[in-house]
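Have a look at the structure below, then the notes.
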Amino acid sequence: EDKVVQSPLSLVVHEGDTVTLNCSYEVTNFRSLLWYKQEKKAPTFLFMLTSSGIEKKSGRLSSILDKKELSSILNITATQTGDSAIYLCAVEPYSGGGADGLTFGKGTHLIIQP
Amino acid sequence: ETGVTQSPTHLIKTRGQQVTLRCSSQSGHNTVSWYQQALGQGPQFIFQYYREEENGRGNFPPRFSGLQFPNYSSELNVNALELDDSALYLCASSFGGRGEQFFGPGTRLTVL
């Protein structure tokens with residue numbers, strides 16, 4: 001059974017700090033790892049990392065995939081109060097026939113204090 | 001470009017009742033996946049619909065069923081509701097069912 005573990009589960013920092021969120025996974029046939037930001041309801045897509053794209057960056061956010069260690073990190077630099085959210089990590093397997101869906105971790109609840 | 005929409009936003013039912021949730025996929029997407037998110041947990045895969053057929057299913061009982069229509073919109077039906085079915089139900093659309101999935105705002109279901 002595929003498994004995703006995120007750490008820490010919650011984190012409180014001050015505006016301007018840099019944070020690193022961790023995600024480790026176990027999946028039978030790895031296809032991709034995805035990061036989402038969930039503020040109220042709808043998770044918003046951030047990054048997708050694959051064997052051919054192990055590093056992504058967008059503004060103050062960046063993410064790296066370590067296929068050897070079966071893990072990924074999400075970095076946020078110069079944090080702002082608007083970064084406060086739950087950050088979800090998910091893995092997508094290669095499936096032989098139909099879809100297996102995404103397997104999510106429990107998320108990291110990030111709180112940015114002014 | 002129209003994003004993923006879901007209806008209703010909130011719903012209150014009692015144990016034993018049946019419920020239908022609806023989802024319209026993002027324009028250009030042909031695949032819809034449904035997820036259940038309990039409080040404090042990550043979303044859990046229920047099933048996926050592609051070409052109007054169930055294309056994959058997670059660890060959910062048969063009382064969870066669905067449909068996909070020719071315009072790629074989808075319904076999630078839950079029969080014989082139980083208290084543990086109380087959750088946020090998320091719909092996600094994608095093209096071909098692989099890679100990036102884009103989520104709707106969800107339906108908050110409360111079972112009393």
Response to the item:
A student applying the Cα gyration tensor rule (rounded when a/c is under 1.5; otherwise prolate if a/b is larger than b/c, oblate if not) would label the protein assembly as shown prolate
Fill in: J(HN,Hα) series, the stretch B:68-80, from Karplus relation 6.51 cos²θ - 1.76 cosθ + 1.60, nearest Hz, glycine and proline x
10, 9, x, 8, 6, 5, 8, 10, 10, 10, 10, 9, 6
Practice prompt. May I ask you to evaluate 6.51 cos²θ - 1.76 cosθ + 1.60, the Karplus curve with θ = phi - 60°, for each residue of the stretch B:3-14 and list the ³J(HN,Hα) values in order in whole Hz, giving x for glycine and proline?
Written response: x, 6, 10, 9, 8, x, 7, 9, 7, 10, 10, 10
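When ligands, DNA and RNA are left out and all protein chains stay put, how many square angstrom of accessible area per residue does chain B have with a 1.4 Å probe? Don't skip to the end; give the middle numbers.
Numbers: 5230 Å² over 112 residues.
Per residue, chain B has an accessible area of 47 Å².
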Worksheet item: In µm²/s, what is D for chain A at 37 °C and 0.692 mPa s, where D = kT/(6 pi eta Rh) by Stokes-Einstein and Rh is the Kirkwood radius from Cα pairs?
Response: 230 µm²/s
Discussion item. In Å², and per residue, what accessible area does chain A have when probed at 1.4 Å with the other protein chains present?
Written reply: 49 Å²
Fill in: Relative contact order (%) - chain A, alpha-carbon pairs under 8 angstrom, separation at least six
37 percent
Discussion item. Quick check for me: using +1 on Lys/Arg Cβ and -1 on Asp/Glu Cβ, what's the dipole size of the protein assembly as shown about its Cα centre, in debye to the nearest 20?
Written reply: 220 debye
Response to the item:
Ignoring ligands and nucleic acids, chains A and B bury, in total, an accessible area (1.4 Å probe) to the nearest 100 Å² of about 1800 Å²
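Using unit Cβ charges (K, R positive; D, E negative) and no other charged atoms, how large, in debye to the nearest 20, is the dipole of chain A about its Cα centre? Intermediate values should be presented prior to the final figure.
Working: 11 positive and 12 negative charges, 41 e Å.
Approximately 200 debye in magnitude.
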Worksheet item: Dipole size in debye (nearest 20) for chain B around its Cα centre, Lys and Arg Cβ +1, Asp and Glu Cβ -1?
Response: 160 debye
Worksheet item: Any idea what the relative contact order of the stretch A:70-111 is, in percent, if you count C-alpha pairs under 8 Å spaced at least 6 apart?
Response: 43 percent
Fill in: Translational D in µm²/s for chain B (Stokes-Einstein at 20 °C, 1.002 mPa s, Kirkwood Rh from C-alpha pairs)
155 µm²/s
Response to the item:
the stretch B:61-112: relative contact order from alpha carbon pairs under 8 Å, six or more residues apart, as a whole percent, is 31 percent
Worksheet item: So if R0 is 22 Å, what FRET efficiency would A:Gln113 and B:Glu100 give, r being the distance between their Cβ atoms, rounded to the nearest 0.05?
Response: 0.10
Worksheet entry | Whether the stretch B:8-73 is rounded, prolate or oblate, judged on the alpha carbon gyration tensor where a/c under 1.5 counts as rounded | prolate
Item to complete: Would you mind telling me the share, in percent, of accessible area of the protein assembly as shown contributed by carbon and sulfur at probe 1.4 angstrom?
Response: 49 percent
Worksheet item: How about the stretch A:100-114: which of its residues lose at least 50 Å² of accessible area in the presence of all protein chains relative to their chain isolated, using a 1.4 Å probe?
Response: A:Leu102, A:Phe104, A:Lys106
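The values are calculated or read from the model by the stated rules, or taken from the named source; none is laboratory data. Since we're looking at a predicted model, the values are computed, not measured. Glycine gets a Cβ as well: all are built from the backbone with ideal geometry, and neighbour counts include every protein chain shown. We work out accessible area using only protein heavy atoms, side chains counted, and drop any ligands, DNA or RNA first. Shrake-Rupley method; radii C 1.70, N 1.55, O 1.52, S 1.80 Å.
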